[in-house]
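Colleague: Can you read through this structure? Questions will come right after.
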Amino acid sequence: MDRRTFLKNTALLSGVLAARPWAALGDTLGGALPGTGVSRTSKLGASAGLSLLTTDLHNHSLISGDADGDPGDAYRQMRAKGLDVAVLTEHAISGKHHGELTCPGHVKGGCHMVEGINETDWQTMKYLADIANDPGSFVTFRSFEYSTPTVGHVNVYFSQQFTDALHEHAFFTPPAAAELDRVIPGTDPVVDNFALLPDIAQMRFFWEWLASAPDREILGGGNDGIACFNHPGEFGDFAGFAYDEAAGPLVVLCEAINAERDFFWFEVDQGRPNPLNACLNAGWHVGFTGVSDEHSTEYAKDGLARGGLWATGLTREAVRAAMISRHSFATLEHGLRLDVTANGVPMGSALTNPGTAQIALDLDRGTGWVGKELVVEVIKPGESAATLADSHVVTVPAPESGPLELETDVSGDRWMFLRITDPQRSPDANATGAHIENGGAVAYASPWFFDSV
């Protein structure tokens, strides 16, 4: 199905969605995690009353123009695969107001790929998300991806309004023009010269939009939403991750793993700084999540990243509150339960620097992992690269056993997070030093932020 056919058949599709033929397939909040039978309840007292939700907060459908999946089928597949929370985050590029005038056909593969969603799409996305949302069993909500060529991509969740790169002065830049050869072969002798020019795109206009009220005149605003840094470093580093005071509290997540890609190592072989280290050093207080960023017709594939989120319930309100708490993790292992505290404070939290952090770690992935050796890497700030401060070899305990206990010195540090690796998993091709021996990533626990060092 192409995009034009989809829009013509929206009414028919809504009837199929309303019937919810997949309703019996999704696991409910009270059950175990699908696939491994792992309990959703943490062993850590700080998480009493919370349950673990599995999430995928970044996906695309044919509405985006560069993806192929039918959105109704995407929701069905993601629920059937055991996800508790899943969203479609269609691209917002340059079509907010003029898309329907300049490209009335919205033909997939045509100008819509450049424009991204417009206002009609935005209302369709709300309609489809509302129909698919089923509190207590499956939660979804309207979202969009602010997509620029060279400054970076940001997902915005729950907002009434959306904006795009053109309206926020981040659409056409010299470095973006230098990439035209990918679209128009043979232009490289000309467009290569653009790469030598400075990048005039900025993030400040988007941050202003995000921090503004929805009823702001002309462009509106998104401060009723919350945001996530997507695949950090790819398509730009958000103007060097420069912190914005007004927007800062609304940016609550960062993708540590996108699809199968570990962004701890993204393009460090090209001399670029570790993006997670750069983001946290700049002052952003973000939790970590994992996403599949799907563009095909098959969603929630095995082997692609997911997120874990500790929440009081399975409703939009509870999910939003949990995202804001940053009590989350990213993982490549479906059916994994991970919860961590430092001095009794959950991951994703701010606390006064304790000097020494007593870490309690709850880790379970079913009977097949009992006795398995993993490595807990303690990651702290560095200049261009994060610092591997400690490596602890641990054995996955039995479900009836207590949490694992570790200790690390955090004196003088502004933040810390844990990176769980498997020595039997191949390390990232860009891994260096002890990271190579520690193997490939299994999960990232969200950071702790030390307000006083």
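The values are calculated or read from the model by the stated rules, or taken from the named source; none is laboratory data. Values in this document were obtained by computation on a predicted structure and should not be read as measured data. A quick note on method: Cβ atoms are made from the backbone with ideal geometry, for glycine too, and the neighbour counts reach across all protein chains shown.
Colleague: Mind checking which residues of the stretch 340-371 are in contact with a Lys or Arg (Cβ under 8 Å, 6 or more places away or on another chain) and either of a type in the set (Ser, Thr, Tyr) or not assigned by TED's automatic domain parsing to the domain that holds PRO447 (or both)?
Modeller: Hit for the stretch 340-371 is SER349, nothing else.
Residue by residue, here is whether (1) crowded, with 18+ Cβ neighbours inside 10 Å; (2) small (Gly, Ala, Ser); (3) under 30 Å from SER426 (Cα atoms) holds:
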{"position": "ARG216", "(1), (2), (3)": "no, no, no"}
{"position": "VAL251", "(1), (2), (3)": "yes, no, no"}
{"position": "CYS254", "(1), (2), (3)": "yes, no, yes"}
{"position": "ASP269", "(1), (2), (3)": "no, no, yes"}
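Colleague: Being at negative phi, among the acidic types (Asp, Glu) and modelled with pLDDT of 95 or more narrows it down to one residue among GLU217, GLU179, GLU208, GLU168; which is it?
Modeller: Only one candidate passes the filter, namely GLU208.
Colleague: Here's something else I'd like to know. Can you work out which of the residues in the stretch 387-431 that are of a type in the set (S, T, N, Q) and free of Cβ contacts under 8 Å to residues at least 12 places away in the same chain is nearest to PRO275 (Cα to Cα)?
Modeller: THR387
Colleague: Please find, within the stretch 144-172, the residue that is nearest to SER61 (Cα to Cα) out of those that are in a strand (DSSP E or B) and either out of contact with any strand residue (DSSP E or B) (no Cβ under 9 Å at 6 or more places or on another chain) or aromatic (Phe, Trp, Tyr) (or both).
Modeller: By that ranking, first place goes to PHE144.
Colleague: Would it be correct to say that PHE141 is within 24 Å of ALA80 (Cβ to Cβ) and part of a loop (DSSP other than H, G, I, E, B)?
Modeller: So PHE141 fits the description; yes.
Colleague: Tell me, yes or no, whether the stretch 348-361 has at least one residue that is surrounded by 19 or more Cβ atoms within 10 Å (Cβ to Cβ), of a type in the set (A, V, I, L, M) and within 18 Å of the chain's Cα centre (by Cα).
Modeller: The answer is no; no qualifying residue exists.
Colleague: Just to be sure I understand the filter: pairs with C-beta atoms under 7 Å, separated by 6 or more residues or on different chains, first member in the stretch 266-292 and closer than 12 Å to GLY240 by Cα, second member surrounded by 24 or more Cβ atoms within 10 Å (Cβ to Cβ) and β-branched (Val, Ile, Thr). Which pairs pass?
Modeller: Final answer for the pair search is CYS279/VAL286.
Colleague: Further question on the same structure: Can you say whether SER147 is within 30 Å of GLU333 (Cα to Cα), at pLDDT below 95 and buried (at least 23 other Cβ atoms within 10 Å of the Cβ), as far as the supplied structure shows?
Modeller: For SER147, the condition - within 30 Å of GLU333 (Cα to Cα), at pLDDT below 95 and buried (at least 23 other Cβ atoms within 10 Å of the Cβ) - is met.
Colleague: For the stretch 297-312: of the residues being touching a Lys or Arg at 6+ places or on another chain (Cβ under 9 Å) and assigned to a loop (DSSP other than H, G, I, E, B), which is surrounded by the most Cβ atoms within 10 Å (Cβ to Cβ)?
Modeller: The qualifying residue surrounded by the most Cβ atoms within 10 Å (Cβ to Cβ) is ALA305.
Colleague: Looking only at the stretch 283-296, decide whether some residue is part of a loop (DSSP other than H, G, I, E, B), assigned by TED's automatic domain parsing to the domain that holds VAL156 and among the acidic types (Asp, Glu).
Modeller: Yes: one or more hits.
Colleague: Out of curiosity, is THR395 surrounded by fewer than 17 Cβ atoms within 10 Å (Cβ to Cβ) and β-branched (Val, Ile, Thr)?
Modeller: yes
Colleague: Quick one: count up the residues across the stretch 68-87 that are buried (at least 24 other Cβ atoms within 10 Å of the Cβ) and out of contact with any Leu (no Cβ under 8 Å at 6 or more places or on another chain).
Modeller: 2
Colleague: Could you grab the pairs with beta carbons closer than 6 Å, sequence gap of 6+ or different chains, first residue in the stretch 227-241 and at pLDDT below 95, second one among the β-branched types (Val, Ile, Thr) and buried (at least 24 other Cβ atoms within 10 Å of the Cβ)?
Modeller: Between residues of the stretch 227-241 that are at pLDDT below 95 and residues that are among the β-branched types (Val, Ile, Thr) and buried (at least 24 other Cβ atoms within 10 Å of the Cβ), the close pairs are GLY236/VAL151.
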